[in-house]
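Peer 1: Please find one structure pasted underneath; my questions will follow.
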Amino acid sequence: MAAPPPKTRLSTDQRSALVILAASPRGLTKVLMLADGFTRDMLAGLVLAGLATVVTQTVRSGGQTIKVERLRITDAGQAALHQ
C-alpha cells in the first residue's frame, strides 16, 4: 500500500498566490502576479514544487507578436490548498 503524499506546508504568500490562481481558470500572466507583489523566486518555487505550471502563449497585439507566460494552478496545488 502506497503512503499518502506528504502534506505541503505553504507560506502565507504561497497560499495567497494559489488562491488567486485557483480563482482564474485560464491562469494569470506572470506580469500580473508580480504586480500583485509576489516575487519571481516564490512563483518559481510553486512551479518547481509542482503546485503551479507556466504556459507560454504567443499573442498578436497591435501588429506585434509577443510571448506571454501564464501561471496556472495544478491538481497538486489544488490539493495543497485543501490540506
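The values are calculated or read from the model by the stated rules, or taken from the named source; none is laboratory data. Everything quoted here is computed from the prediction, not taken from an experiment. Backbone-built Cβ (ideal geometry, glycine too); neighbour counts: all protein chains shown. With ligands, DNA and RNA removed, areas are computed over all heavy atoms of the protein, side chains included. Shrake-Rupley method; radii C 1.70, N 1.55, O 1.52, S 1.80 Å.
Peer 1: Rg (Å, one decimal) plus Dmax (Å, integer) for the alpha carbons of the chain?
Peer 2: 14.3, 56
Peer 1: Next question, about the same structure. Send over the semi-axes of the stretch 25-67's equivalent ellipsoid, whole angstrom and largest first, taken as the square roots of 5 times the C-alpha gyration tensor eigenvalues.
Peer 2: They are 23, 12, 9 Å, listed from largest to smallest.
Peer 1: Please report the net charge: other residues with Cβ closer than 11 Å to the Cβ of D13, K and R +1, D and E -1.
Peer 2: -1
Peer 1: Do you know the relative contact order of the stretch 15-83, to the nearest whole percent, from alpha carbon pairs under 8 angstrom that are 6+ apart?
Peer 2: 39
Peer 1: Within a Cβ distance under 14 Å of R70, other residues only, what is the Lys/Arg minus Asp/Glu net charge?
Peer 2: Local net charge: +3.
Peer 1: Over the chain, average the accessible area per residue using a 1.4 Å probe and give it in Å², no decimals.
Peer 2: Value returned for the chain: 69 Å² of accessible area per residue.
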